[in-house]
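**Student:** Let me begin by handing over the structure; questions about it come next.
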Amino acid sequence: MDPALRRVWTEVVLCGDYDEHMARIGQAQGVAALMRGFIGWAKPAPGARIAIVGAGTGQMLDYLDPAILRPYRLTCTDLNPAYLARLGQRLCANELEANLVIDDIERTALRAGPGLLLATLVLEHIDWRRGVEAFAALRPTRCGVVIQENPPGMTSAVTPGRALPPSTARAFEMAHANLVPEGELTAAFAAHGYVREYRLAEEVADSKRLIALGFGRVAGPALPLAFSRVLPAERPVQEMHLGVHVLHGTAHLPDGLLAFAFGYRRAVLPPYAKVIMVPRPIMGTLETILVVDDSEAVLQVVVAILGHAGFRVLSADSGPNALKVAAQADGKIDLLLSDVDMPEMSGPDLGEALRKGRPGMHVMLMSGGIEGNLLVLNYGWAYIQKPFVAVKLVQMINEVLHSADRSQPGGQGFDSRKDAG
């Protein structure tokens, strides 16, 4: 945790100012609504252990029916003893019991194995990747996190120009929280054996949204699965058993769409689906990849595959948004992996635009259309045809990253002889 942020949350922001600000911008109310959603999604058994890390002053209890939490054994943590004291008062007022623990989640002393671990607006204030590692190390059956999503163009966690209570205003002058990218967060959980099962958004002030993401732990070793093209068959396949670990739930696969999951013990599949199992994926080497696709389903799948394979993944759903992500990215982007045909900006146009500022960046394009190969050949860039399986995608990316760059400007000036070596 950044020392300035640690001081902010242990010495500077007063309980009353914190509660006033969170209620004024609607985040206290939003967190309460998302907490109800988490309980409904996870459905913990009566008596189950629920750990709420970074619980703060417990302000959500002002907007939450306490009966929702009463059946469970609660543990609430925070860095600030004053916050926990205020939380304790709210627990008593609502006839709730909980263990209150002063704890740093990045160096947590919590006991492993809660049925449900919840963290609302915590990851923005710590090294969020270390936070995910800490959550996974506690081995909860399910983990729910809430992150903040800003409107386009707003990069600060606190709205510029918004009036703040005195101690909160002083804190904002000292340190700034960092927004957490949803795609990268999902990939990080996947790399630790947790697959996303739940998502809910709650609108708050200043056109922001609170995003609740629920992750379930894979039962046993995490094995990636890839669904290839939906193929014709003589009769529908309603259910398949493919060894011990396969996809859990129903997969909806239009023709040509890749799907991916970390799985459980059985798969309920759509008619005519072909399943390919990859028991030992080829692992990546921690390079940074920017994935761009206008299909939300494909984008989530590819981000999950690459995150599980060990890459650092950035993502965007269009060319213009990819340019914004790249402009805000810290450090090197090793590879652009983009769909060819996108409405606002094509993959090749995006590749050329990004390489002007990042000449050492590799480019790899993907397409489900028959014209993809012909288009990409004009640039000398790597190309993979959709649908593809996880192991092939990771293998090809590794080859591209560790091979000489053979790309050149597109157009009539392309010289195929330069592609021979």
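**Student:** Applying a 10 Å radius around every beta-carbon, put 30-38, 81-89, 161-169 in order of their mean neighbour count, most first.
**Tutor:** 30-38, 81-89, 161-169
**Student:** Considering only the other residues whose Cβ falls under 13 Å of the Cβ of Met174, what net charge follows from Lys and Arg at +1 and Asp and Glu at -1?
**Tutor:** 0
**Student:** Next up: In nm, what is the difference between 0.36 nm times the number of residues separating Tyr198 and Ala327 and their Cα-Cα distance?
**Tutor:** In short, 43.4 nm is gained.
**Student:** Moving to a separate point now. Which order do the peptides 42-50, 143-151 come out in when sorted by mean C-beta neighbours inside 10 angstrom, highest first?
**Tutor:** 143-151, 42-50
**Student:** Between the alpha-carbon centers of the stretch 303-318 and the stretch 384-402, tell me the distance in whole angstrom.
**Tutor:** Distance between centres, Cα-based: 13 Å.
**Student:** To continue, here is another question. Could you compute the net charge surrounding Ala48? Neighbours are other residues with a C-beta less than 11 Å from the C-beta of Ala48; K and R count +1, D and E count -1.
**Tutor:** It works out to a net charge of +4.
**Student:** Would you tally the net charge around Asp317, using a Cβ to Cβ cut-off of less than 9 Å, leaving Asp317 out, and scoring K and R as +1, D and E as -1?
**Tutor:** That works out to -3.
Coordinate-derived values only; no laboratory data. As the structure is a computational prediction, the values presented were derived from the model and not from experiment. Reconstructed Cβ throughout: ideal geometry from the backbone, glycine too, with neighbour counts over all protein chains shown.
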